[in-house]
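Single-structure report; data block below.
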Amino acid sequence: MVTKSEETQLNRLESQVDNGGGGAWEYLCLVRKLKVRRSDKVLKYGLSILNDSKKRSSLGSEEWTLYEEVAIAAMDCQSLDVAKDCVNVLRKKFPESKRVGRLEALLLEAKGSWGEAEKAYSSLLEDNPCDQVVHKRRVALAKSQGNLSGAIEWLNKYLEIFMADHDAWRELAEIYVSLQMYKQAAFCYEELILSQPTVPLFHLAYADVLYTLGGLENLQTARKYYSSTIDLTGGKNTRALFGICLCTSAIAQLSKGRAKEDKDSPDLQSLATAALEKEYKQRASGKLTVLTSAFKSLKVSS
């Protein structure tokens with residue numbers, strides 16, 4: 001994550017280069033270090049260095065890294081001829097490189113040659129089945145074609161090898177949610193909570209999925225995870241507070257006539273409604289009546 005001071009430094013350097021004050025290479029190095037995406041600037045200033053033989057030769061081994069960065073930036077900007085030229089230079093320098101092979105496959109993607117790109121990625125994986133970048137590109141390739149079932153298949157295969165990749169679990173969960181496959185999404189969020197139990201976002205997403213699934217048991221569990229979200233955020237997650245109110249209302253409806261009393265509901269409900277009222281008074285006092293009306297419709301007391 002880029003800090004405020006780093007962003008300020010980057011913007012200052014970018015403004016300097018834009019206004020002809022020099023420092024293009026320093027700017028490109030900072031973009032790489034911070035892992036930010038400024039494709040148009042990388043393409044413009046990277047090419048200005050690569051097209052100047054004196055500047056290019058002064059880079060030493062960094063020259064080839066710059067060719068790679070400019071190639072990717074050119075694909076982003078749909079300057080495919082420039083990207084092709086950069087990739088060709090790299091292939092000539094490193095004829096056996098798998099890294100260059102990934103760039104060639106990426107260029108096929110940029111051209112929309114999906115079948116050829118898939119073949120290229122498959123060939124790369126035959127040589128190195130543990131290449132994470134290639135696995136992820138296959139997922140991206142399927143998603144770019146709208147093939148979500150294919151993306152699910154590739155993600156599941158990837159997670160069989162790299163089970164600790166939190167980003168992959170989250171992406172898989174989000175795809176399942178988009179396809180209304182909530183039970184499968186719930187499993188993904190369970191994996192995320194097991195591996196990263198202090199991340200409130202995962203608790204919240206899991207609670208949302210359980211609430212959507214419905215049923216008394218799921219609603220009770222959802223309420224617990226909305227509660228844990230509130231604990232992890234210091235009581236400052238409005239969505240989770242509303243989630244407790246929604247779960248409380250739904251549980252009350254489903255529990256009517258049952259002998260077992262839901263003892264947690266009154267306390268949690270009163271705490272959640274009090275916290276919401278306090279927040280609305282501070283930040284949106286004009287909508288406090290809307291909140292009160294919402295409580296009445298849910299049949300929860302404020």
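The values are calculated or read from the model by the stated rules, or taken from the named source; none is laboratory data. Since the structure is predicted, the reported quantities are computational estimates derived from the model, not experimental observations. So basically every Cβ, Gly included, is an ideal-geometry build from the backbone, and we count neighbours across all protein chains shown. The accessibility values were calculated without ligands, DNA or RNA, using every heavy atom of the protein model including side chains. Shrake-Rupley method; radii C 1.70, N 1.55, O 1.52, S 1.80 Å.
Okay, here's what the table says:
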{"read-out": "Qualifying residue in the stretch 54-67 (condition: within 33 Å of the chain's Cα centre (by Cα) and over 15 Å from Arg32 (Cβ atoms))", "value": "no"}
{"read-out": "Subset tally (residues that are under 23 Å from Asn51 (Cβ atoms) and either in contact with a Gly (Cβ under 9 Å, 6 or more places away or on another chain) or not in a helix (DSSP H, G or I) (or both)) for the stretch 16-37", "value": "10"}
{"read-out": "Top-ranked residue of the stretch 69-88 - restricted to ones that are open to solvent by 50 Å² or more (accessible area, probe 1.4 Å) and in a helix (DSSP H, G or I), ranked as farthest from Gly21 (Cα to Cα)", "value": "Asn88"}
{"read-out": "Selected residue (only one of Asn218, Asn237 is of a type in the set (S, T, N, Q) and without any contact (Cβ under 8 Å) to a residue 12 or more places away in the chain)", "value": "Asn218"}
{"read-out": "Considering residues of the stretch 176-185 that are open to solvent by 10 Å² or more (accessible area, probe 1.4 Å) and among the aliphatic types (A, V, I, L, M) only, the residue farthest from Thr212 (Cα to Cα)", "value": "Leu179"}
{"read-out": "Odd one out for Ser53 among (1) of a type in the set (Gly, Ala, Ser); (2) touching a residue at least 24 places away in the same chain (Cβ under 8 Å); (3) open to solvent by 30 Å² or more (accessible area, probe 1.4 Å)", "value": "(2)"}
{"read-out": "Unique residue being in contact with a Leu (Cβ under 8 Å, 6 or more places away or on another chain), modelled with pLDDT of 95 or more and not in a loop (DSSP other than H, G, I, E, B) when the list is Leu10, Leu43, Leu66", "value": "Leu66"}
{"read-out": "Answer residue from the stretch 120-162, given it is of a type in the set (D, E, K, R) and over 19 Å from Gly101 (Cβ atoms) and is most open to solvent (accessible area, probe 1.4 Å) among those", "value": "Glu160"}
{"read-out": "Number of the condition not met by His166 [criteria: (1) open to solvent by 50 Å² or more (accessible area, probe 1.4 Å); (2) free of Cβ contacts under 8 Å to residues at least 24 places away in the same chain]", "value": "(2)"}
{"read-out": "Cβ-Cβ under 6 Å pairs, at least 6 apart or on other chains, the stretch 121-142 side more than 12 Å from Ala105 (Cβ to Cβ) and among the β-branched types (Val, Ile, Thr), far side part of a helix (DSSP H, G or I) and open to solvent by less than 70 Å² (accessible area, probe 1.4 Å)", "value": "Val139/Ala151; Val139/Trp154; Val139/Leu155"}
{"read-out": "Among (1) out of contact with any Phe, Trp or Tyr (no Cβ under 9 Å at 6 or more places or on another chain); (2) of a type in the set (Phe, Trp, Tyr); (3) farther than 30 Å from Val177 by Cβ, the one test that Tyr121 misses", "value": "(3)"}
{"read-out": "So Gln220, is it open to solvent by 30 Å² or more (accessible area, probe 1.4 Å), modelled with pLDDT of 90 or more and part of a helix (DSSP H, G or I)", "value": "yes"}
